[in-house]
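Asker: Let me give you the structure first, and then I'll get to my questions.
The values are calculated or read from the model by the stated rules, or taken from the named source; none is laboratory data. This is a predicted model, so every value here is computed, not measured. Here Cβ is always computed from backbone atoms with ideal geometry, including for glycine, and neighbour counts include all displayed protein chains. When the accessible area is computed, the model is the full protein with side chains, heavy atoms only, and any ligands, DNA or RNA have been set aside. Shrake-Rupley method; radii C 1.70, N 1.55, O 1.52, S 1.80 Å.
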Amino acid sequence: MTEPTTAGSNEALLHRYTSALTGVFGAPSRVLVRGEGVHVWDADGRRYTDFLGGIAVNALGHAHPALVRAVTEQLGTLGHISNLFTSEPQIALAERLLDLAGAPDGSTVFFANSGSEANEAALKLARRHGREDPSGRRTRILALEHSFHGRTLGALAMTWKPAYREPFEPLPGGIEFLPAGDVAALQAAVDETVAAVILEPVQGESGVHGWPAGYLQAAREATRRHGALLVFDEVQSGTGRTGTWFAHQNPAVTGQDTAVVPDAMTLAKGLGGGIPIGALISFGARASQLLTAGQHGTTFGGNPVATAAGLAVLETIVQEGLLEHARSLGARLAERLRTLDAVAEVRQYGLLLGVDVTVPAGSGHPVPDGGLAPALVRAGLEAGYLLNATGPDTLRLAPPLVMGEQEADRLVAELPTLLASALGPDSPAQTPSTPTQETSA
């Protein structure tokens with residue numbers, strides 16, 4: 001589907017891009033000029049259905065009236081004031097987040113501009129906790145293999161992927177990586193020399209991986225026993241993405257009916273619905289008093305526009321019933337994806353899905369260069385879908401929480417055709433089998 005545009009062609013604008021912007025993202029595939037709901041349009045007027053959501057950012061889709069109104073009204077009233085002053089939206093959003101997190105009295109919020117910045121603040125919180133130990137031995141910070149916490153130096157030091165870290169070493173030290181999901185390794189590593197354990201309740205960048213039942217609780221018990229902080233990075237999994245406000249409240253994530261409460265939690269991405277914002281929530285007075293006046297700061301963090309956007313996102317999630325919708329639509333999408341011959345496994349937490357894909361047995365087709373998942377992303381783009389591959393064999397789906405059943409079902413119905421395109425012109429489309437049942441869990 002196309003519509004006229006006066007923004008200039010993709011080809012012309014991409015040429016200008018490569019001449020003007022630093023190439024850290026590689027070559028973009030399209031120039032997007034407009035969005036509405038779960039659709040975006042490129043500079044050539046082609047429409048795409050968005051199954052990436054700005055990497056789990058556009059919780060309300062594109063140009064949602066509630067978000068547009070909140071940002072417009074706030075910017076027309078008060079835009080930026082610095083943190084030498086405060087504003088009502090900043091206070092209100094902090095109060096709302098503490099309430100949704102079930103944080104005890106004495107808990108506080110620090111606002112930043114991104115997930116990386118929120119995790120930098122968490123790292124400093126952990127360092128302050130370690131420095132307060134009179135033994136001087138509490139210097140270790142434990143992260144997990146396959147983790148992703150950001151690209152700034154501190155956040156990068158807690159990120160596992162060597163290809164991300166090695167070009168910038170030496171990085172901040174004292175950080176160790178544990179085998180992901182291994183309770184015995186975790187329990188053996190945590191002792192009185194550990195300042196903090198940081199982990200994602202659901203790892204997104206690695207391809208949407210959760211943990212064995214009881215793993216998060218084991219991390220909670222080990223850190224509490226030895227006096228270390230437990231930090232949950234909910235930058236990608238928070239703000240309703242998994243069907244609960246935060247993934248550590250989700251029984252499908254924790255393996256238990258009650259939440260596993262951390263000492264600190266970081267947020268970003270979906271919290272602003274597309275407006276840059278990050279947050280560090282410290283649980284309880286002890287953790288909240290570690291960072292004192294002058295020990296951390298930000299110029300733009302928590303500005304009136306960003307916090308007004310955050311309030312609008314949270315209010316709209318409630319008004320439109322998007323937590324339940326994320327659970328039910330995510331389950332529906334996963335159930336239908338599992339009927340496809342090319343789908344080897346689906347890991348689903350609300351509307352955050354990792355889809356492992358494979359060349360169907362007996363097809364006679366080799367795996368495309370670079371992997372089947374990137375080939376499907378390219379085929380999807382040509383067919384009008386924004387998809388994302390986290391590796392050669394894995395698609396990550398993180399569509400807007402306002403995605404409808406029709407759009408989700410259409411992707412499943414067209415995936416066999418996308419597969420045929422990805423494998424080459426001689427590949428027949430594979431027909432999905434009929435789902436045996438529908439779920440709404």
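Asker: Enumerate by residue number the chymotrypsin sites (Phe, Trp or Tyr not before Pro) in the stretch 32-131 meeting two conditions: DSSP loop (anything except H, G, I, E, B), and at most 16 other Cβ atoms within 10 Å of the site's Cβ.
Answerer: Working: sites: Trp41, Tyr48, Phe51, Phe85, Phe110, Phe111; in loops: Phe51, Phe85.
Passing sites in the stretch 32-131 are Phe85.
Asker: At a 1.4 Å probe, what is the % contribution of carbon and sulfur to the accessible area of the stretch 1-85?
Answerer: 60
Asker: Label the stretch 239-324 by shape, choosing from rounded, prolate and oblate, from the square roots a ≥ b ≥ c of the eigenvalues of the Cα gyration tensor; if a/c is under 1.5 it is rounded, and otherwise prolate applies when a/b is larger than b/c, oblate when it is not. Mind dumping the intermediate values first?
Answerer: Numbers: a/c = 2.81, a/b = 1.17, b/c = 2.39.
Verdict is oblate for the stretch 239-324.
Asker: Related question: Ranking request for peptides 116-123, 383-390, 326-333, 13-20: highest mean number of other beta-carbon atoms within 10 Å first, then the rest in descending order.
Answerer: 116-123, 326-333, 383-390, 13-20
Asker: Sorted from largest down, what three extents in whole angstroms do the Cα atoms of the stretch 181-305 have along their principal axes?
Answerer: 44, 33, 25
Asker: Ok, one more. Using Cα pairs closer than 8 Å and at least 6 residues apart in sequence, work out the relative contact order for the chain, in percent.
Answerer: Numbers: 926 pairs, mean separation 87.1, N = 441.
Normalised by residue count, the contact order of the chain is 20 percent.
Asker: Please work out the Cα center distance from the stretch 72-133 to the stretch 18-58, rounded to the nearest Å.
Answerer: So the separation of the two Cα centres works out to 29 Å.
Asker: Using a Gaussian network model of the chain whose springs link C-alpha atoms within less than 10 Å, name the residue from Asp393, Asp42, Asp105 with the highest mean-square fluctuation.
Answerer: Asp105
Asker: Using the Cβ atoms and a cut-off under 15 Å, what net charge is assigned to the surroundings of Gly102, where Lys and Arg are +1 and Asp and Glu are -1? Please list the in-between numbers first.
Answerer: On the way: positive: Arg96, Arg220; negative: Glu95, Asp99, Asp105, Glu234, Asp257, Asp263.
Charge balance near Gly102 sits at -4.
Asker: Accessible area per residue of the chain at 1.4 Å probe, in Å²?
Answerer: 43
Asker: Now for a different question. Obtain the radius of gyration and the Kirkwood radius of the stretch 1-112 from its C-alpha atoms and give Rg over Rh.
Answerer: Using only Cα positions, Rg/Rh for the stretch 1-112 is 1.09.
Asker: Give the whole-number value, in cubic angstrom per residue, of the convex hull volume spanned by the C-alpha atoms of the chain.
Answerer: Spread over its residues, the Cα hull of the chain gives 160 Å³ apiece.
Asker: Then there is this: Run lengths n ≥ 4 of DSSP H only: what is the helix-derived mean residue ellipticity at 222 nm for the chain, with -39500 (n - 2.57) per run over all residues, to the nearest 500?
Answerer: So the helix-based figure for the chain works out to -10500 deg cm²/dmol.
Asker: How far is the Cα center of the stretch 158-229 from the Cα center of the stretch 330-363, in Å?
Answerer: Centre-to-centre (Cα) distance: 28 Å.
Asker: While we're on this one: Take peptides 197-207, 71-81 and line them up by average Cβ neighbours within 10 Å, highest first, as a rough protection proxy. Provide the component values of the computation, followed by the final result.
Answerer: Details: 197-207: 24.5, 71-81: 13.7.
Per-residue mean Cβ counts within 10 Å order the peptides as 197-207, 71-81.
Asker: A further question follows. So what is the diffusion coefficient of the stretch 39-188 in µm² per second by Stokes-Einstein at 10 °C and 1.306 mPa s, using a Kirkwood Rh over Cα pairs? Please list the in-between numbers first.
Answerer: Details: Rh = 19.4 Å.
In µm²/s, the coefficient rounds to 82.
Asker: Where the centroid of each part is defined by its Cα atoms, how far is the stretch 374-404 from the stretch 265-312 in Å?
Answerer: Computed from Cα coordinates, the inter-centre distance equals 30 Å.
Asker: Give, rounded to the nearest 20 debye, the magnitude of the charge dipole that the stretch 165-248 has about its Cα centre when Lys and Arg contribute +1 at Cβ and Asp and Glu contribute -1 at Cβ.
Answerer: Once rounded to the nearest 20, the dipole reads 320 debye.
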